[in-house]
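Trainee: Pasting in a structure now, in structure tokens, and then I'll have a few things to ask.
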Amino acid sequence: MTDVVRLTLVSHAMTDAMAATHFPGDEPLNNIGRRQAEAVVDQLGCGAKHFTGPEHRARQTADLLGLDATADPLLADLNCGRWQGKRLQDVPPGDLTVWLTDPTRAPHGGESIIDLTQRVARWLDSLTESASPAVAVTHPAVIRAAILQGLDLPPKSFWRIDVAPMSRTGLHFRNGHWTLRL
């Protein structure tokens, strides 16, 4: 029998920045987000290791879910550099086009999609050393990167994956490969 690593990725709940299409900072959940998280408290991750991104919104979601989660910097949100806190429409259209079409570029001075995917790959690799189940409360960008890495998809597919607040994504690692479980 082959050991399987079962990973559940939970996208943090709604924030004001998400609702207003702003690039995120380290903001807390809004009232809708708190209600979203409180509505799904269940047996999420019984017997699993619990992780969270270091940002307030991820830690707050994990707390509302009743998880005693360890913050891991590898699960931090995509660093949007000088765009942090700005509205999408306030970014020069040419810069936005470059960012959305070239995963190697970071015109905002932060992290590229390639950089994020490599960081998330290091975290996924750390999970494969044991067969322990894991739950991670993190960010839509991190979940997209994990899916790309796990399924060996091209980085240009990053923006074609929609991750809703409080959604759950399952990944299983067996025989040297990740599979997506919906």
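The values are calculated or read from the model by the stated rules, or taken from the named source; none is laboratory data. Because the structure is a prediction, the values reported are computed rather than measured. We place every Cβ from the backbone using ideal geometry, glycine too, and count neighbours over all the protein chains shown. For the accessible areas, the whole protein counts, side chains as well, though only heavy atoms, and no ligand, DNA or RNA atoms are used. Shrake-Rupley method; radii C 1.70, N 1.55, O 1.52, S 1.80 Å.
Trainee: Using a 1.4 Å probe on the protein heavy atoms, what percent of the accessible area of the chain belongs to carbon and sulfur? Present the calculation step by step, with values, prior to reporting the outcome.
Mentor: Values: 4590 of 9180 Å².
Reported share for carbon and sulfur atoms: 50 percent.
Trainee: Just the accessible area per residue of the chain, please: how many Å² with a 1.4 Å probe? Provide the component values of the computation, followed by the final result.
Mentor: Details: 9180 Å² over 182 residues.
Per-residue value: 50 Å².
Trainee: Next question, about the same structure. Quick one: among Val142, Val40, Val163, which has the greatest mean-square fluctuation in a GNM of the chain with alpha-carbon springs under 10 angstrom?
Mentor: Maximum among the listed residues: Val40.
Trainee: Moving to a separate point now. Mind telling me which of Ala13, Ala37, Ala131 comes out most flexible in a GNM of the chain, alpha-carbon contacts under 10 Å?
Mentor: Ala131
Trainee: Could I ask something else about it? Over the Cα atoms of segment 5-181, how large are the radius of gyration and the largest Cα-Cα distance (Dmax), in Å?
Mentor: 15.7, 48
Trainee: Can I ask one more? Among the DSSP beta bridges whose two residues both lie in the chain, what percent are antiparallel, rounded to the nearest 5?
Mentor: Values: 12 of 23 bridges.
Antiparallel: roughly 50 percent of the beta bridges in the chain.
Trainee: Once you list every other residue whose beta carbon is under 14 Å from the beta carbon of Ala69, what net charge do they have if Lys and Arg are +1 and Asp and Glu are -1? Display every interim value, and only then the final one.
Mentor: Numbers: positive: Lys49, Arg57, Arg59; negative: Glu55, Asp63, Asp68, Asp72.
Once all neighbours under 14 Å are counted, the net charge is -1.
Trainee: Just from its helices, what would the mean residue ellipticity at 222 nm be for the chain, if runs of 4 or more DSSP H residues each count -39500 (n - 2.57) and the sum is divided by every residue, rounded to the nearest 500 deg cm²/dmol?
Mentor: Details: 6 runs with 58 residues, N = 182.
That comes out to -9000 deg cm²/dmol.
Trainee: First check a/c for segment 13-76, with a ≥ b ≥ c the square roots of the eigenvalues of its C-alpha gyration tensor; if it is under 1.5, answer rounded, and if not, answer prolate when a/b is larger than b/c or oblate otherwise. Walk me through the numbers before you get to the answer.
Mentor: Working: a/c = 2.95, a/b = 1.35, b/c = 2.19.
Oblate.
Trainee: What does the net charge come to around Lys49 if you take all other residues with beta carbon closer than 13 Å to its beta carbon, with K and R at +1 and D and E at -1? Don't jump to the answer; show the numbers that get you there.
Mentor: Numbers: positive: Arg6; negative: Asp68, Asp72, Glu129.
Summing Lys and Arg as +1 and Asp and Glu as -1 gives -2.
Trainee: With charges only on Cβ, +1 for K and R and -1 for D and E, what is the dipole size of the chain about its Cα centre, in debye, rounded to 20? Intermediate results must be reported in sequence, preceding the final value.
Mentor: Working: 18 positive and 20 negative charges, 65 e Å.
Magnitude of the dipole: close to 320 debye.
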